[in-house]
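Engineer: Have a look at this one before I ask anything.
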Amino acid sequence: MNNPPTPGTEQHPHLLRRFGLLQATALNMTNMIGIGPFITIPALMSALNGPQAMVGWLVAVLITVPDALVWSELGAAMPGSGGSYIYLRDGFGRETFGRLMAFLFVWQFILSGPLEIASGYIGFAQYLNYLWPGVTTKNGLSPAGSAVVVCLGILCVALLYRRITSIGKIAVSLWIGTLLTTGAVIVTGALHFNPRLAFDFPPEGFKFSLGFLLGLGAATRIGVYDYLGYYDVCFIGDEVKDPGRVIPRSILISILGVALIYIAINFSIVGVVPWRQFVPATDPPAPVVSLLMEKIYGARVAGFFTLMVLWTAFGSVFALLLGYSRIPYAAAQDGYFFKVFARLHPTKNFPHISLLVIGTISIVCSFLSLQTVIDALLATRILVQFIGQVLAVMLLRKRAPELERPYRMWLYPVPALTALAGWLFLFASADTTLKNYAALTLLLGFVFFLIWSRYTQRWPFGSGLKASLPETQCGD
């Protein structure tokens, strides 16, 4: 009788381990920095009507850093492509509730992943409008802007339509461009920083009330959105060299480095450009980096820096699409999602169906407003992915003590409980419409899961494949 496999250790045989620490960190940071802080500052300041909204950044750090420790332990112990799908599957039991959780995660990710990528396309159009007026209007994208977004999405898919060996080099080059852009903004802001502008708090800006708490929740959601991506390497775990060491190090380096960069970027901008100039936020929001550079150096230099922001935006969507295209593929390969997503390109060995589906939906989602995109993607992810993973790491600690853990979370279970409390706060403070949207998405996913399980005669309607985990590891 064969022994059951150790949870999450199976590697998909056609994927190559080519990403080292440099490439993994570049992938995470390119995704994290991306376009986020350049497009969300107006919305962030509008959440609490002033620079006191920066408290939302602090709360976001207090949520994402503990959550990064959760990702680090899970990613190092189970370095397979798919990330959260694997952690939820094995944490809750592969052939019982873990099967449901894995399906629901991939189901919501088919939408929430493209929403995040779409935010990069929206940001790209926003800054392109500074160079090419008319790309965006008060009601969103113009016909020219729509054409730009579609072409950008197609270009991103085309660059990823190749073997992983060359993609690592592309990721590093995009990362270098991202660091140059953010470095230029930080240095410029530091040299011209005006504390009166940066700390121009409105009257009663810190008065505690229910409105302040809801506004803080909105600001924190924007901050968390900007930090998203510190875990991107986990989604391509099958393609990472020495994952037990590389994955946790790249996650922690990325989130700590980007936290410092974000603080510097935000203060660099609000210390030069008065926050009342772009609050309340418009849709699309103002290109604050272009305004910063124009105020100091003039329109010509601002145009050059706008091009650098466009480079950064493209690097962000490139990194996102690379990681996210591996998730439905990994789940389908293992029989936990629709099998069409398990197809590999016949000669280049990459999940081309998954890439094309995620890429296409991303282009469609880019026609929504930025605030809708941010709120919708977070609302759909919190319940299954983020809260689910915190529970999964606890279940695995209890039910799979033999699982090799190259990295163990510091001060366990304090970080896990802190992250759990943070995710619950973000969901509770969200608008009722967003909560209903998240619930409806998961309800539809549950219905499709039952239909699919009935058709394939899998749990809860049939035994299907024999459980590949011993009973002590299943979430029965």
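Engineer: Within the stretch 409-459, which residues are within 21 Å of Y336 (Cα to Cα) and of a type in the set (G, A, S)?
Structural biologist: Result: G445, S453.
Engineer: Can I ask one more? Scan (1) more than 19 Å from the chain's Cα centre (by Cα); (2) more than 24 Å from G34 (Cα to Cα); (3) in contact (Cβ under 8 Å) with a residue 12 or more places away in the chain for the single condition Y85 breaks and write down its number.
Structural biologist: The failed condition is (1).
Engineer: Condition test on A68, is it within 14 Å of D232 (Cα to Cα) and modelled with pLDDT of 90 or more? First the steps, then the outcome.
Structural biologist: On the way: within 14 Å of D232 (Cα to Cα): yes; modelled with pLDDT of 90 or more: yes.
Spelling it out, A68 is indeed within 14 Å of D232 (Cα to Cα) and modelled with pLDDT of 90 or more.
Engineer: Separate question: For the stretch 97-147, enumerate the residues that are at positive phi and free of Cβ contacts under 8 Å to residues at least 40 places away in the same chain. I'd like the intermediate steps shown before the answer.
Structural biologist: The initial filter retains those residues of the stretch 97-147 that are at positive phi, namely 134, 140.
If the condition is that a residue be at positive phi and free of Cβ contacts under 8 Å to residues at least 40 places away in the same chain, then G134 is the only one that fits.
Engineer: Now for a separate question. Of all residues in the stretch 417-434, which are modelled with pLDDT under 90 and either surrounded by 15 or more Cβ atoms within 10 Å (Cβ to Cβ) or on the phi > 0 side of the Ramachandran plot (or both)?
Structural biologist: S429, A430, L434
Engineer: Take the residues in the stretch 166-193 that are farther than 21 Å from L260 by Cβ and polar (S, T, N, Q), then tell me which one is modelled with the lowest pLDDT.
Structural biologist: Only one residue fits best here, namely S166.
Engineer: May I ask you to list the residues in the stretch 316-336 that are in contact with a Leu (Cβ under 9 Å, 6 or more places away or on another chain) and charged (D, E, K, R)?
Structural biologist: R326
Engineer: Of the conditions (1) surrounded by fewer than 20 Cβ atoms within 10 Å (Cβ to Cβ); (2) within 29 Å of W423 (Cα to Cα), Y262 satisfies every one except a single condition; which number is it?
Structural biologist: Looking at each condition in turn, Y262 falls short on (1).
Engineer: State which residue is farthest from the chain's Cα centre (by Cα) when the search covers only the stretch 393-443 and only residues that are assigned to a loop (DSSP other than H, G, I, E, B), under 23 Å from D375 (Cα atoms) and not hydroxyl-bearing (S, T, Y).
Structural biologist: Here is the first cut: in the stretch 393-443, the residues assigned to a loop (DSSP other than H, G, I, E, B) are 400-413, 429-431.
Filter once more, keeping what is under 23 Å from D375 (Cα atoms): 429-431.
Imposing the further condition that a residue be not hydroxyl-bearing (S, T, Y) reduces the set to 430-431.
Working: A430: 18, D431: 21 Å.
Per the criteria, the residue is D431.
Engineer: Can you list the helices (runs of 4 or more DSSP H) found entirely within the stretch 45-149 that contain at least 2 residues being in contact with a Ser or Thr (Cβ under 8 Å, 6 or more places away or on another chain)?
Structural biologist: Working: elements: 55-77, 84-92, 98-131.
Hits in the stretch 45-149: 55-77, 98-131.
Engineer: Right, next: When the stretch 292-307 is examined, which residues are found to be buried (at least 18 other Cβ atoms within 10 Å of the Cβ) and either touching a residue at least 12 places away in the same chain (Cβ under 8 Å) or closer than 12 Å to Q126 by Cα (or both)? Break it down into steps so the answer makes sense when it comes.
Structural biologist: Let us first name the residues in the stretch 292-307 that are buried (at least 18 other Cβ atoms within 10 Å of the Cβ), namely 292-294, 302, 305-306.
Passing the criteria: L292, M293, A302, F305, T306.
Engineer: If A439 passes every condition in (1) buried (at least 20 other Cβ atoms within 10 Å of the Cβ); (2) modelled with pLDDT under 95; (3) small (G, A, S) but one, which one does it miss?
Structural biologist: (1)
Engineer: Continuing with the same structure: Does I269 count as among the β-branched types (V, I, T), over 17 Å from the mean Cα position of the chain (by Cα) and surrounded by fewer than 24 Cβ atoms within 10 Å (Cβ to Cβ)? Spell out the reasoning first.
Structural biologist: Values: among the β-branched types (V, I, T): yes; over 17 Å from the mean Cα position of the chain (by Cα): yes; surrounded by fewer than 24 Cβ atoms within 10 Å (Cβ to Cβ): no.
Here the answer is no, as I269 does not meet what is asked.
Engineer: Shifting gears a bit: Restricting attention to the stretch 39-57, report how many residues are more than 27 Å from N129 (Cβ to Cβ) and touching a helix residue (DSSP H, G or I) at 6+ places or on another chain (Cβ under 8 Å). Don't jump to the end; show me each part of the working.
Structural biologist: Here is the first cut: in the stretch 39-57, the ones more than 27 Å from N129 (Cβ to Cβ) are 52, 55.
Keeping just the survivors that are touching a helix residue (DSSP H, G or I) at 6+ places or on another chain (Cβ under 8 Å) gives 55.
Count: 1.
The values are calculated or read from the model by the stated rules, or taken from the named source; none is laboratory data. Quick caveat, the model's predicted, so the values are computed rather than measured. Every residue, glycine among them, receives a Cβ derived from its backbone with ideal geometry; neighbour counts consider all protein chains shown.
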